Structures are given as structure tokens and as C-alpha cells.
Amino acid sequence: MTTRTYSRFDRALIEIERALGTIFDPSPVALRPSPADDIADTPLDDAARRHAAGLMRVNHVGEVCAQALYFGQAAVAHDERQRGQMLAAAAEETDHLAWCGERLRELDSRPSLLNPLWYAGAYAIGAGAGILGDRLSLGFVVETERQVEAHLDDHLERLPDDDARSRAIVSKMKDDEARHAENALAAGATALPSPLPDLMRFASWVMKTVAYRI
């Protein structure tokens, strides 16, 4: 069995295709069923529906950024095993993207209008982290996923009590993110130096504040 060697042009086309699929595909295909499939959709009043939609739009943006981060890191990974791990994690994030997109449609809402901007920024950050070396790149994954866990915990507190479908999706996403962090630790991640974690929190706060509305 032969392994195809891709030229730089081939790799660029692959990355462009991934970006377009993540940003513009209205119905990405999930490999796993949605955690909300067996949960009845309880009607929400207008205020609760808009609030739930805002939170799920933030989560959808988070998954757009996760795809971009993993693809950016995979594109420059020095180790083939790490590249495979990044792409496998990205596949699970595609499930999250599909689940959040479906829930947004159920809530009669839409993804963020700024998704191309979020993707481009996250891809650049991911590639930059990957260039610094595999262990630091893995450390970036750990810190990212830990912060995402905290953010999803916050959303579980803030989602309307009656929105069991959104809660099921967010809860499963949180479990997956925790596993991604543990996998990165097991692969040899090194802790990020200060002040990078604080800068990441600030960037996340900006994204969440804007994406809730736009």
C-alpha cells in the first residue's frame, strides 16, 4: 500500500476545502447521533428561546474555532501521530458543530454572521501554536479544552431549565472536551507559559460576547 505525498498546493486546497465546509455547510454530517435525539422539545417563551439560541450560537462558534484550531495545528504538526490525533479530535468537533447547528435551527435562529472571521483567527492561532513545537501545541489543546469545559459548565447553569435538548448537547460536548484534554496530556503536553492562558481567556470572552448577538 502506497502513501500519497501531497504538494504544498494540494495541502492548501485541502485546508481551503475544510474551511469552506466548516463555515458554510448548513448541515454538516455527524458521525454520532445527537444526544438530544430521544428528548422531547419543550416549547419555550420568546425570551427563553432567544437566550437559548444566543448561548447555542456561542457554542456553535466555539466548534467552528475548534475545527480551525485543530486543522491549523495538524497542518504544521511535526509528528504524524500527533497530526492524526488532531484530525481525530476535529472529527468529533464536527459532531458538535452539527448538533449545535441543528439545535439553532430548532430554536429558529442562525449561526454567527462572523464565522469566517472566527475561523481565520482560530486557524492562525492553531498554526502558530503548532509551529512552536508538538509538546507546546498539545499544551495549547489542554488549556483550550479546560477553558471550554468551564465555559460549557457556565452554559449549563444559564440555559433555560426547560431546554433539555440544549442541555443534553452541551453536557455531551463537555465530556468530549475533557477527554480531548486528557488525551493531549497523555501524549506529552507541556503547560503554557504565562500570560498565554489569560490572553486566551480574554479572546474567548470577546468571542462569546459578540457571538451571543451577532
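The values are calculated or read from the model by the stated rules, or taken from the named source; none is laboratory data. Note that the coordinates shown come from a computational prediction; the quantities given were computed from them, not determined experimentally. With ideal geometry, Cβ positions are generated from the backbone for all residues, glycine too; neighbour counts draw on all protein chains shown.
A single member of ARG57, ARG4 is at pLDDT below 70 and either surrounded by 11 or more Cβ atoms within 10 Å (Cβ to Cβ) or in contact with an Asp or Glu (Cβ under 9 Å, 6 or more places away or on another chain) (or both), and it is ARG4. Any residue at all in region 64-72 that is buried (at least 23 other Cβ atoms within 10 Å of the Cβ) and of a type in the set (Val, Ile, Thr)? Looking for residues that are buried (at least 23 other Cβ atoms within 10 Å of the Cβ) and of a type in the set (Val, Ile, Thr), one finds at least one in region 64-72, hence yes. Look at ALA98 and say whether it is in contact (Cβ under 8 Å) with a residue 12 or more places away in the chain, closer than 28 Å to GLU15 by Cα and buried (at least 23 other Cβ atoms within 10 Å of the Cβ). So ALA98 fails the test.
Within the span defined as region 26-41, every residue fails to be surrounded by 14 or more Cβ atoms within 10 Å (Cβ to Cβ) and either within 26 Å of TRP205 (Cβ to Cβ) or without any contact (Cβ under 8 Å) to a residue 12 or more places away in the chain (or both).
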